[in-house]
Amino acid sequence: MIKGACYVRVSTDNQLENYSIEEQTDRLRAYCKAKDIHIVKFYTDGGYSGGNLNRPALQQMLTDIDYGIIDLVVVYKLDRLSRSQKDTLTLIEDCFLSKNVDFISINENFDTSTPFGRAMIGILSVFAQLEKDQITERFTMGRIGRAKSGYFHGGPTAPTGYDYIDGNLIVNEYEAMQVRDLYARFLKGYSVYDCWQYMQKKYTTKYGGWKSETLVRNVLKNEVYTGKVKFKGTIYHGNHPAIIPEAQFRQVQELFSSSHRSSDTFKRSPFKASTLLASLIYCGKCGARFHGEHGNYSCYSRTKGDKKYIIDPNCRNKKWKIPELDALVTDYIARLNFSDLENKTPSPQPPIDYSARLGEIDRQIGKLIDLYQVGSIPIETISKKIEILSKEKSTLEEAARQKSTPSSSLKEMITARSTFMSIIKTGTLEEKRACLTLLIDRIVIDDDNVNIILHKI
């Protein structure tokens, strides 16, 4: 007597069709009785997709086949075994026929013991795959349409800062305040790690708290906080209110992608400098940056630390011990005296009118937004152009502001020096670095010669 294994599978959707477990089981039992097939076991996968082979009952059946206790596998319909053409043929050819186990699908009325049946297996597998692909395509089109309409498609698990109510994102005011605090702290120069520690100690959310650096990084990079939704790399205007202004969000993204923090280390943790003078030191011989490693400040060209930063591979500029250079710069800052500069009247500078260019930038951005609404240019192209124009506008506005208040830079430097000296023993590395970046434009090293260049006043 032929020893048969009956395989039954049903997914949640198929419960509504005539493929229920009971229906398949009854028909398989009747078929085996009529064909004098002894049923060794029913292998049942309830609620499992046919799109892959990660199904416990199927895997158990394959194991039993290896032990030689099955002569035949019987299913009600071919797509109960699999909806993947590749998986179907793999199962039949590599797992069944190669071990002298035949396969029968009673609904299609063929079996692998005949050449015609083996040919039909391949043909029907193609249609099973086609049906699966069509379902996937319709599902994807539906999600794209939902995104274009501005709806969040992440399901009921709303991002921190929002609640998901009746299919919409609603601002959670307490969490939104936390998100704003995180963005403000990151823009002050604190690392992702420091921001995580800060948020973890200070706040809780509906999900329990700020549990990892990854959560902090994801919040800082998520366009949803600007009132946008994203699907398959395309950004759409959302129906939900923004928590973070677009300009502030772009500033954060610039910090993540800034050229001097583009190495893998800084991608993982931007602004997480491990040394006091990182990003301020330049080589006086080749012009490359210095970085801290193995207890020294060293020229990138000499250490070959990152190919993107190497300017002259033959550079042999001196390495400086980190504590020695830190002490030298700290002593220089301690001896700074701004009193003479405070009493000097700034030399008159010809006024620069940026209004014409600023107006032109606004007009160009307006045209790009109109083009986006018409849909004649891809959103990625428009976004890049707007980002470039916005950067230029921000730079010009800052230049205009500085021109209108010529003594503001001096006041900031005096305050920065005073703050630096007050926190020299108790402040965090980030706080000290924030002060130094307001004071020092760059430090140029040429062997033993250290030239500390302050910002222009």
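Below are the figures for this structure:
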{"item": "Selection within the stretch 240-255 - farther than 17 Å from PHE186 by Cβ and surrounded by 14 or more Cβ atoms within 10 Å (Cβ to Cβ)", "result": "HIS240, ALA242"}
{"item": "Search result, residues across the stretch 97-110 that are outside any helix (DSSP H, G or I), in contact (Cβ under 8 Å) with a residue 24 or more places away in the chain and open to solvent by 40 Å² or more (accessible area, probe 1.4 Å)", "result": "ASN100, ASP102, ASN107, GLU108"}
{"item": "Selection count where residues are among the hydroxyl-bearing types (Ser, Thr, Tyr), surrounded by 13 or more Cβ atoms within 10 Å (Cβ to Cβ) and assigned to a helix (DSSP H, G or I), scope the stretch 200-219", "result": "0"}
{"item": "Restricting the stretch 238-278 to residues that are of a type in the set (S, T, N, Q), within 30 Å of LYS318 (Cβ to Cβ) and in contact with a strand residue (DSSP E or B) (Cβ under 7 Å, 6 or more places away or on another chain), the residue that is modelled with the highest pLDDT", "result": "THR275"}
{"item": "Of the criteria (1) open to solvent by 60 Å² or more (accessible area, probe 1.4 Å); (2) at pLDDT 80 or above; (3) within 27 Å of ALA288 (Cα to Cα), which one ILE457 fails", "result": "(2)"}
{"item": "Every pair of residues 6+ apart whose Cβ atoms lie under 8 Å, when the first sits in the stretch 149-160 and is at pLDDT 70 or above while the second is of a type in the set (D, E, K, R) and not in a loop (DSSP other than H, G, I, E, B)", "result": "THR160/GLU175"}
{"item": "Per-region count, the stretch 176-199, residues in a helix (DSSP H, G or I), open to solvent by less than 50 Å² (accessible area, probe 1.4 Å) and aromatic (Phe, Trp, Tyr)", "result": "3"}
{"item": "Flag for LEU169 being farther than 19 Å from GLN248 by Cα and under 21 Å from the mean Cα position of the chain (by Cα)", "result": "yes"}
{"item": "Residue count for the stretch 423-453, restricted to those that are open to solvent by less than 70 Å² (accessible area, probe 1.4 Å), in contact (Cβ under 8 Å) with a residue 12 or more places away in the chain and in a loop (DSSP other than H, G, I, E, B)", "result": "4"}
{"item": "Any hit, the stretch 428-441, residues being modelled with pLDDT of 80 or more, of a type in the set (Lys, Arg) and more than 32 Å from the chain's Cα centre (by Cα)", "result": "no"}
{"item": "Residue pairs meeting the criteria (Cβ under 8 Å; at least 6 apart or on separate chains; first closer than 21 Å to ASP194 by Cβ and acidic (Asp, Glu), in the stretch 206-232; second assigned to a helix (DSSP H, G or I) and open to solvent by 30 Å² or more (accessible area, probe 1.4 Å))", "result": "GLU213/TYR193; GLU213/TRP196"}
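The values are calculated or read from the model by the stated rules, or taken from the named source; none is laboratory data. What you see is a predicted model; the values in this text were computed from it and never measured. With ideal geometry, Cβ positions are generated from the backbone for all residues, glycine too; neighbour counts draw on all protein chains shown. To get the accessible areas, we keep the full protein, side chains included, count just its heavy atoms, and leave off ligands, DNA and RNA. Shrake-Rupley method; radii C 1.70, N 1.55, O 1.52, S 1.80 Å.
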